[in-house]
Amino acid sequence: MLDNKSNFISKIIAVGSGKGGVGKSVISSLLAIKLRNEGFKVGILDADITGPSIQNMFGLKNKGKVVEEGLLPLVSKLGIEIVSVNMFLENEEDPTIWR
């Protein structure tokens with residue numbers, strides 16, 4: 001969560017599991033929406049390397065942008081900032097190697 005007064009990240013909530021298909025993306029999305037509705041500035045980093053889906057869950061179709069300062073997140077209709085690996089691939093079905 002980003003502090004409402006600055007760009008300082010005051011809290012990080014990690015949602016993870018050793019197994020696929022258990023609802024990590026759904027939980028992450030619902031948690032972000034709940035926190036945003038409570039007035040927090042919220043962002044999601046979808047680091048799922050085998051099937052990033054957060055971008056699709058929020059209906060975002062644009063590609064991400066890379067600038068000198070780093071990656072620019074896409075912003076959902078709810079005001080949630082989202083960065084996902086598939087936002088930066090030419091074809092989102094392409095395999096990804098994180099280095």
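Figures for the structure shown
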| quantity | calculated |
| --- | --- |
| Local net charge near residue 16, Cβ-Cβ under 13 Å (Lys/Arg +1, Asp/Glu -1) | 0 |
| Probe 1.4 Å - accessible area at residue 8, Å² to nearest ten | 130 |
| As computed over the chain, the Cα convex hull volume per residue (Å³) | 119 |
| Sequence-distant residues sharing a close amide H with residue 44 (under 5 Å, placed H) | 81, 82, 83 |
| Sparsely packed GluC sites (Glu not before Pro) within the range 29-99, loop by DSSP, other Cβ within 10 Å at most 12 | 38, 68, 69, 90, 93 |
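The values are calculated or read from the model by the stated rules, or taken from the named source; none is laboratory data. Note that the coordinates shown come from a computational prediction; the quantities given were computed from them, not determined experimentally. Here the Cβ is made from the backbone with ideal geometry for all residues, glycine too, and neighbour counts use every protein chain on show. Just the protein is used for accessible areas: all its heavy atoms, side chains included, with ligands, DNA and RNA removed. Shrake-Rupley method; radii C 1.70, N 1.55, O 1.52, S 1.80 Å.
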